[in-house]
């Protein structure tokens, strides 16, 4: 099954970092970002009106579409966990926009592995990739079917498991000293992290908010990533 990918930065990133996905590029004007080394990419040139009639508003009037193979998840056994210091585990996030923003924040704030639970988490769709503006193809992504076994494996490899939560009995992010090797779990937009998974965590950490209301999942992740980078003195530039 093929996917229709839109967004100049997203398409450029796939061409640069995941060229094995490329099936065909369709455009109404030749993209300026294509260099001479990429002229071998199969492409079609359509008239602007034809392009708009076929793809409609999905293109944001950029006149560019990549017909692509599905997102290539990596196998956990292919990842050298000794080289990973910040892993993000996305559990049951349902909104593609939140997933895309999670990819963008994770890459820009130095996470070097993302895991996505297979059940109930939205798949990496063209919408999620467009929101991620190309960063989904620049960070290793593993799809996991059993989060409990994965947590056990991560612990054996020296990771401290941290769950994000609004629980009153949790540590406040303001005072928490993050370990140097972390697997951070971000839960569902409404229900958060299930209790069974919380019980597997080494620490539950919360972000103080007005009236104890919870933040959007991708917003919470952004704050966690910034605090981890700041407190562990991870360089951001």
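For the chain, what does the relative contact order come out to in percent, with C-alpha contacts under 8 Å and a separation of six or more?
21 percent
Please list the radius of gyration and Dmax for segment 70-176, considering alpha-carbon atoms only, with Å as the unit.
Looking at segment 70-176, its Cα Rg and Dmax stand at 14.0, 42 Å.
If you line up the long axis of helix 96-108 against the longest principal axis of the chain, both from Cα atoms, how many degrees apart are they, to the nearest 10?
So the helix axis and the longest Cα principal axis differ by about 80 degrees.
Roughly what angle does helix 217-231 make with the longest principal axis of the chain, taking Cα atoms, 0 to 90 degrees, to the nearest 10?
70 degrees
Helix 8-17: angle to the longest alpha-carbon principal axis of the chain, degrees 0 to 90, nearest 10?
Between helix and principal axis, roughly 80 degrees.
Can you tell me the relative contact order of segment 2-69? Whole percent, Cα pairs under 8 Å, sequence separation 6 or more.
Relative contact order, segment 2-69: 54 percent.
Have a look at the DSSP beta bridges in segment 2-69 and tell me what percent are antiparallel, nearest 5.
Counting DSSP beta bridges with both partners in segment 2-69, the antiparallel share is about 75 percent.
Of the DSSP beta bridges with both residues in the chain, give the percent that are antiparallel, rounding to the nearest 5.
The answer is about 30 percent antiparallel.
Using only C-alpha atoms and all pairs of different ones, pull out the Kirkwood radius for the chain in Å with one decimal.
This gives a value of 19.0 Å.
Just the C-alpha atoms of segment 2-69: what Rg/Rh do they give, with Rh taken as the Kirkwood radius?
Answer for segment 2-69: 0.93.
Distance in nm between label sites at residue 226 and residue 47, each 7 Å beyond Cα in the beta-carbon direction?
Once both label points are built, they end up 4.9 nm from each other.
The numbers here are math on the coordinates, done by the rules we state, and not lab data. Small disclaimer: the values here were computed from a predicted structure and weren't measured. As a convention, Cβ positions derive from the backbone with ideal geometry for all residues, glycine included, and neighbour counts pool all protein chains shown.
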